[in-house]
Structures are given as C-alpha cells and as structure tokens.
Amino acid sequence: MLRTHQLRRVYRLGGAEIRALDGVDLEIRDGEYLRVIGSSGSGKSTLLNLLAGLDRPTEGRIETPAGDLGRLSRKELAAWRSRQIGMVFQTFNLIPHRTALQNVELGMLFAGLERRERIRRATEMLEQLGLAGRLNHRPADLSGGEQQRVALARAMAKGPRLLLADEPTGNLDRENAEATAGFLREMSGRGVTIVLVTHDAGLATDDVHRTVRMDYGRIVDEEERA
Amino acid sequence: MIFVEFLRIAFENLRRMKLRTALTSAGVMVGIGALVAMLSFGFGIQRNVSAQFEEIGLFRTIQVLPGKATGDSAATPLDELALQRIGALDGVALVYPQETFDGNVTWRDSTRQAVVQALPASFVEQRSVGEMVAGRFFASDSAREAVVSRAWLRELDVEPDSILGDTLTIRAATAGGLIKALGGRVLENRGMDSEAAEGLASLGEWLLGGSGSGALRLVVVGVAEVEWGFGFRLGEILVPTKTVEGIDALSFGDPLELMAMLDEGGGASSGWSVLIVTLESERDYTRVEERIEELGYSTFSFLDRFDEMRKGFLVFDFFIGAIGLIALLVAALGIVNTMVMSIIERTREIGILKSLGAEEGHLRLLFLVESGAIGLIGSLAGLLLGWGVSRGISTIIQYYMKREGAPVIDLFDLPVWTAFAAIGFGILVSVLAGLYPSSRAARVDPVQALRHD
Ligand SMILES: Nc1ncnc2c1ncn2[C@@H]1O[C@H](COP(=O)(O)OP(=O)(O)OP(=O)(O)O)[C@@H](O)[C@H]1O
Ligand SMILES: [Mg+2]
C-alpha cells in the first residue's frame, strides 16, 4: 500500500547538513505489521512523519493510494491524515482540557463524521479498551496506560487503513506496554496496516510480520517473519 | 457543519479562560458601549429633537429685539408701530410682545404667584392662543379682563366654568432680589469688575423697588389651553396690553429680556423688550428674518441657536465616537495579544489537530471564530452598557426638563438595526484582530509542535 523511493530528508542547521533520512527504499504491503527499530537519531520518527504527510521529503517519492505524498497539496495531505491514518505517540498527545470522550470524538471531526456518530463510535471504542468508567475524565486524571489507550481509541475510531505508532510503549510500564501490544495485534488481525517504531526489545512482538533496522537515515537490516 | 463544531470549541475555550476572556472582551465592551451611546445620541438628536422642536413651533418662531443704536440713527423701539410693521410682513402669522411679569394673583381668598402675560386683543384674531376651554378672549387692549390658563386652574383644582366672571387682583411681585443677582452677573459678564457691578445692580434694585406697584382688578372672561413656545412661554394669566401699563412690572424671569433692557439702558418706556413672531411656515424663516432686520430690529433666531446647538451636539457626538473607536482599537490590540498568547500556549494542540487531519483553513477558522466570539461577548455587553448609559443620562436630563416645566424630550434613540450593526461591528473588528494570530496558528509546523517536550 506504501512504497518509498530514495527518500531523503535533510535538515539544514546553520551551515551543517543533517541527513535524517538518507535514501530509504521501503515497501509496506497492505495489511502488513511492520516494526522499525534503530538507535536514537537514526531517523525513525522522521520516516513516520513523512508517511503521515506531516512533513515533506527533501528528495524522493512516497507512493500511496492517494498519490505521491511529496506532490500533494497541503489540503490533500490533510485529507490523507484525516481519513487514512491513525497516529499514536510516546507522549500520548491528548488535548489536556478535553475529556477522554471529547479527545476521541475530536479524532473523527476532520474525517467528516457527524457528531452523534462520533460520540457513538468514541464511546464504543473506549469501552472496548476498558475505559467505560473513564469517559469524562481529563488526561491529567488518567494513568499513563489509560491515556495511551485513549490515544489508541482516538487513532482507530475513524477506521483508518494505516496506523503509525511512534514508541507507543516508551512511557509505559510492562503491563501497559503488553496491553498496547495486544491491541496492536488485534488491529493487525483486523487487517489494519501498522508501522510500529519501538526501542523496546523485550516487547512481545512475535506477531509482527517484518522488522527493519535503521541507522544514519538508512535501512541497514531487514528480518522477515512468516 | 464544522463551523458549528468550531463555535462549540471556541466557547468551551473561552469558558475555560474566564478571566482572560472577560478582560479581553471588556475592551470591546467599552468601545462598543461608547459607539452605541454615540449612535443613540446622534439618532436621538436627529429624530426626536428636530421633530419635537418642530412640533412646538421652534422653526416657526423668531424673537425680535429692539434695533441697536448706530452712529446716525437712534435705536428702533419695539412699540405699536413695530407690531404693525412686522405684522404686515408676508409670511408672519402672529406677532406679540413677550411681556411677562411675576404677579401675586389673588382669587377669592387665596393669593398665588403666577406669570402674567400681556397680549394685544388682536392676538386671538391672528392665531388661537391654543384652545379656548371656556368663555372668550378679552375684548380690547384696554378691557379690564383676563384669560387664565388651564394649567393654572389645574393647580388650584378648579373647574374652568366655575371661575368665569370672577375677579382677580394682580400685583406685581417685586423682583428686587432677582434683578440684583441677574443684573450683577450680566454687568460682570460684560467686563465690569464685580464690586462695581454689584453696586450698580443694587442701585437698580433700589430704583425699581422705589417705583412702587399698583394693583389690577380684572374679570376672568375665558380659560385657554395655553400653547408652548421655545425659550418662552405664554404666561399663566393673559391680560390686555394697555391694561397693564398702569402696573410697573418687569419680568426678570427671562435673562434675554433683561439683557435687552440693559442694552437699551432703560425700562419699558421705550417699548417692549422682546416681540415674538410666529411664521405661517418654516420656509419663510430666513426671508422674514431678513425683512425684520431691514426694518431696523435685531432678531434672535431659534434656528441659529438650534444650528449651533446641533453643531455642539455633533462635536460631542464625534468626541464620544472617537473615544469608542480608540477603545475599539485598543481592544483589538488586546485581542491580538490574547490570541497570540493562546496560540503559543496551544501549539501542541494545534499540532495534534493537524495530525488528526485539520487543514490550515480549519485552524484559521477555528481561531477566527474564537476571536469573533470574544467580539460577540464584548459587543453584547457593550450594547447593554451603551444602552444603560444613554438611559441613565436621558433620565437625568428628563428629570431636569420636567422640573423646569419644559416639554420632555428624549435625547436618545437606538433603532434596532443600529443595535445589530454595533454587534456586527464589534465582531468584525475582533475577527480582523484575529487575522494575524489565526494565520500564525495555521502555519504552526506540526512536527515541531508534536515533538516530545
Ligand atoms: N527539526 C529538526 N532540525 C534539525 N535536525 C533534526 C530535526 N528533527 C530531527 N532532526 C535530526 O534528525 C535526526 C533523526 O531524528 P529522528 O527524530 O527521526 O530520530 P529517531 O530515530 O526518531 O530518534 P529517537 O529514537 O531518539 O526518537 C536526528 O539526528 C535529529 O537530531
Ligand atoms: Mg523518534
């Protein structure tokens, strides 16, 4: 469903050039569960942001069903994010003054869903994630694990085809990390394409289809699992 | 649809930031409040005051003063000849001397003060005094008859018919204290030092006081609903001109008259001090005024006075308006500041919204709605403020008008559309103030915004 071709992302800081991505060729199949590992600063987050259309490549192509992301207008990129992609982050990125329900509901606003439908789906999704009793809690009143589950609900409630997860378990204890991995497995089972960036070597990820390792902005290793 | 959602989000945010919202909208409130007060004052003057002045005949009334003495000719007095000459002018409906004095009027066993007005008998032929409620007007200039006003009777609680045929005894009330006070001030205003002015005024008091006062016994022949004029009023008791010549009285209730007298350097002997001319139509105003001046008299025009007043009102109005605009400008800066702050605080939120698929247009709209909402809140409060202030001032002014016995005029008028226009204007200014902050919000780089703290 996705294919990058000689993808480069160069940051210029003063006179220096930082090659965050330095020629990445990667194909992600429909329904694939892909794990991306690599040391800090190797360009994992940069890759994810490019796939999400939050950032633009300096060079190269990102072929998607919506076209080459590098050539889409900002409006088209927004549509790509709003309908096709769910994102979760290490720091959850919930809106602090909105309740769990409001956060999840907001995730569907730009996908053009009607308010009643958004609330229905958000409630259902949060209940599925064991947060039935937390609908009206604000992030500050939730544990880290609960917050990440709200973020997962927000990402998945609109039914995207692609889930981009950047260190989703980085701030979680073992138990919550396993629960998050379990949720990803379940989503993968339902046919969602997943790109998971993680440091966590101990995380139970036997179920990923493939793991790629990055270093200095390149893919240096690839391990297929059948 | 998304606009409604944004409205909801905007008001949620404003409610969350109560103090900041209140302070920011307070600026808009003051600006819109001042503009609303200005507009309602402007409209009040334009609509009500003109209309009501018209109704009371302001635009059809000229006051005539004796002509000024010039090098080669003596002052032209306001005598019988003046009445005839002015009355003969084209377009003049009515001319009568403004001859009033404060009298002590005794009827049956009680004595009351009343303003006594001397009028020629022909007055009623030229124009009705108002409505004769009972009886008739006096028969001749020297008839020993009087017409009393309905208002005066009301104060006495007497039915019009029951007073007809009764006798009134009228004595001039001494105006000594008044002349001293007024005369002194007039002289002082004309550059005389205060001690000398006081001395002169005392002398006048002594002279007038010494001239004594006679008493008139008149038969009441009619009761009239007396009409209002502007800057003068027909007295409560109307008496024939010749009849009162026997009574030494001057009214100092009207400073204008007093000034006219002082200008002449004498009293009633040289004629009346003021004539009131009523025109058939406003259109003749300038023409008749010119003709009267050609005859050698001075005129005092209400229209000029009104124009001056209107200019004064306009200046005042522009002044309030300018304050309103300045306040709005400052309020707009406040909104820019608040919105920029809010956007800096909410950078991460903006990044989140972008990651969820918000377009730049959405973010721009979201923050414009938010600044517009500040404008809406401020404008509504400003509308109330402006309305309250204009009501308050109006009440005070009307209280004084009533106390002075003048017809009550509402100086303020706020048509519904201006209320809406004011709110619209407040929102517009706020939205304009939101343009820069909202475009800043739209340009936030989501990758930076979402970076871990
Ligand atoms: N806005 C930026 N300006 C300059 N350099 C940047 C910027 N964003 C990222 N970089 C650099 O690009 C490189 C890749 O960053 P990236 O965030 O993709 O790494 P990462 O693999 O996600 O690391 P981590 O595991 O620590 O999250 C790093 O060297 C980083 O310093
Ligand atoms: Mg990273």
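The values are calculated or read from the model by the stated rules, or taken from the named source; none is laboratory data. Source: prediction; values computed, not measured. Cβ coordinates were reconstructed from backbone atoms using ideal geometry, including for glycine residues, and neighbour counts include every protein chain displayed. Protein only, heavy atoms only, side chains kept; ligands, DNA and RNA dropped before computing areas. Shrake-Rupley method; radii C 1.70, N 1.55, O 1.52, S 1.80 Å.
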Let me cross-check residue A:80: its accessible surface, 1.4 Å probe, with only protein heavy atoms counted, in Å² to the nearest 10? 10
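Could you tally the net charge around residue A:217, taking each other residue with its Cβ under 13 Å from the Cβ of residue A:217, Lys/Arg +1 and Asp/Glu -1?
The answer is +1.
Select from region B:272-378 those GluC sites (Glu not before Pro) which occupy a DSSP coil region and have at most 14 other Cβ atoms within 10 Å, ordered by residue number.
For GluC sites (Glu not before Pro) across region B:272-378 that sit outside H, G, I, E and B with at most 14 neighbouring Cβ atoms in 10 Å, the list reads B:280.
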Surface per residue (accessible, 1.4 Å probe) for region A:125-185, Å²: 39
Once amide hydrogens are built 1.01 Å from N within the peptide plane, the residues lying 5 or more places from residue A:219 or on another chain with amide H under 5 Å from its amide H are A:25
Area of residue A:166 that stays accessible when all protein chains are in place (1.4 Å probe, Å², to 10): 30
Non-local residues with an amide H under 5 Å from the amide H of residue B:172, with H modelled 1.01 Å from N and Pro and chain starts lacking one, are B:104, B:214
Considering only the other residues whose Cβ falls under 11 Å of the Cβ of residue B:288, what net charge follows from Lys and Arg at +1 and Asp and Glu at -1? -4
Computed on protein heavy atoms with a 1.4 Å probe, what is the summed buried accessible area for the chain pair B and A, in Å² to the nearest 100? 2400
Check residue B:300: other-chain or 5+ apart residues with amide H under 5 Å from its amide H, H built from backbone geometry? B:63, B:64, B:65
If ligands, DNA and RNA are left out, what is the accessible area of residue B:100 with a 1.4 Å probe, given in Å² to the nearest 10? 10
What net charge is computed for the residues neighbouring residue A:21, neighbours being all others with C-beta under 13 Å from the C-beta of residue A:21, Lys and Arg scored +1, Asp and Glu -1? +1
Which ³J(HN,Hα) values, rounded to whole Hz and listed in residue order, are derived for region B:322-330 from phi using the Karplus coefficients 6.51, -1.76 and 1.60 in 6.51 cos²θ - 1.76 cosθ + 1.60 with θ = phi - 60°, glycine and proline given as x? 5, 4, x, 5, 4, 4, 5, 4, 4
Pop out a list of residues from region B:355-373 that are at least 30 Å² less accessible with all the protein chains around than in their chain alone; 1.4 Å probe, no ligands or nucleic acids counted. B:355, B:356, B:357, B:359, B:360
Ignoring ligands, DNA and RNA, how do B:344, B:423, B:352 rank by accessible area with a 1.4 Å probe, largest first? B:344, B:423, B:352
Summarise the accessible area of chain A (1.4 Å probe, protein heavy atoms) by the percent that is carbon and sulfur. 44
Accessible area in square angstrom per residue, region B:362-417, 1.4 angstrom probe: 49
Cα axis of helix A:174-189 to longest principal axis of chain A: angle in degrees, 0 to 90, nearest 10? 80
